[in-house]
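Throughout, read-outs are computed from the coordinates displayed, never taken from laboratory work. Every value quoted in this text rests on a predicted model; they were computed, and no experiment measured them. Ideal geometry is used to build each Cβ from the backbone, glycine not excepted, and the neighbour counts take in all protein chains shown.
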Amino acid sequence: MAGSTVKTEAVVLRSIRYGEADRILHLYSNTRGRLNAIAKGARKPKSRFGGRLEPFFRLDLLLHEGRSELLTVTSATTVDGYPRLRSSGPALTAGARACDAVLRLLDSAEANPPAYNLLCRYLSLLDDPDPAVAEGAADLRTALSFRLKLALVAGFVPELAGCARCGEDEHLVGFSGAAGGVVCAGCESDAFPLGEEAHRFMVAALAQPLSEAPPAEPLALRQVERAVGETLEHHAHVQLRAAA
């Protein structure tokens, strides 16, 4: 079987050394979702790929699809290397955690353009030439806004408008990962306390652009991180790394 050629744009989520000179790539593609590929000879000093097969690179790729589960990279052209992101410790950490979240949550080989666009937007904010924008993108508020939006485009957004068990829209005092959202006082048996500020943050973060993450105190942000984490653990069977 001769196989076929796949042309796609993708972000490198993870790059792993393999054998003496190759790399295994975990990619997120705008047209094919999650892809795994091998770049043969990528670690040789005179490799035609240069250093562009590292995490965060956004690439135009030509991939050979044969019998193996791994596609083979035959060509890679840089769309964006996000160079400023790589020179900032906080931005580098935030980008790595975002790519790891995509890797864990979005394992389907089906296109999810909103998810792809969200990831690229976040990397662009972390790479912004304005230091204030880049620093804001790397903070916990924006990281949690990214996770909430990622849960939304993955189909696992928490219920925030009313009690996830009975539908009551008042006296929402807790959050239940098992129920998948906020719960009222009468349904909070397995819930943890969720304050009004945390609830407001989640609603606003989903509604506002990623660059406009709403303000919140540390306690509220810890509650938000727990709410998102428990929702994904119960319903997507995925455990994310700490956001900060």
Exercise. For a quick protection proxy, order the peptides 174-183, 209-218 by their average other-Cβ count within 10 Å, most packed first.
Key: 174-183, 209-218
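Using the Kirkwood formula on the Cα atoms of the chain, what hydrodynamic radius do you get, in angstrom to one decimal? Let's see the in-between values first.
Numbers: mean 1/r = 0.0524 Å⁻¹.
Hydrodynamic radius (Kirkwood, Cα pairs) of the chain is 19.1 Å.
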Quiz item: GNM on the chain, C-alpha springs below 10 Å: top fluctuator among C99, C187, C166?
Solution: C166
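In what sequence, highest mean first, do 33-41, 192-200 appear when ranked by Cβ atoms within 10 angstrom? If you can, show how the numbers build up before the last one.
Details: 33-41: 19.8, 192-200: 16.7.
The most tightly packed comes first, giving 33-41, 192-200.
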Exercise. Consider just the alpha-carbon atoms of segment 84-149 and return their Rg together with their Dmax, both in angstrom.
Key: 11.7, 36
Quiz item: Once you charge only the Cβ atoms, +1 for Lys and Arg and -1 for Asp and Glu, what is the size of the charge dipole of the chain about its Cα centre, to the nearest 20 debye?
Solution: 1560 debye
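At 0.36 nm per residue, and after removing the present C-alpha to C-alpha distance, how many nm does the segment from T74 to R121 gain when stretched out fully? All intermediate terms of the calculation are to be shown ahead of the outcome.
On the way: separation 47, 0.36 × 47 = 16.92 nm, distance 2.67 nm.
Roughly 14.2 nm would be gained on extension.
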Self-check item: Gap separating the Cα centres of segment 135-193 and segment 35-49, nearest whole Å
Solution: 42 Å
Practice problem: Set Lys and Arg Cβ to +1 and Asp and Glu Cβ to -1, take the dipole of segment 4-80 about its Cα centre, and tell me which of A42, T78, V11 lies farthest positive. | Solution: A42
Quiz item: Among L194, H235, V102, whose Cα sits farthest toward the positive end of the charge dipole of segment 89-236 (+1 at Cβ of Lys/Arg, -1 at Cβ of Asp/Glu, about the Cα centre)?
Solution: V102
Quiz item: At what distance in nm do the modelled label points of T93 and L152 sit from each other, each positioned 7 Å from its Cα along Cα→Cβ?
Solution: 2.7 nm
Quiz prompt | 11 Å cut-off, amide nitrogen to a point 7 angstrom out along A109 Cα→Cβ, residues in segment 5-22 | solution = none
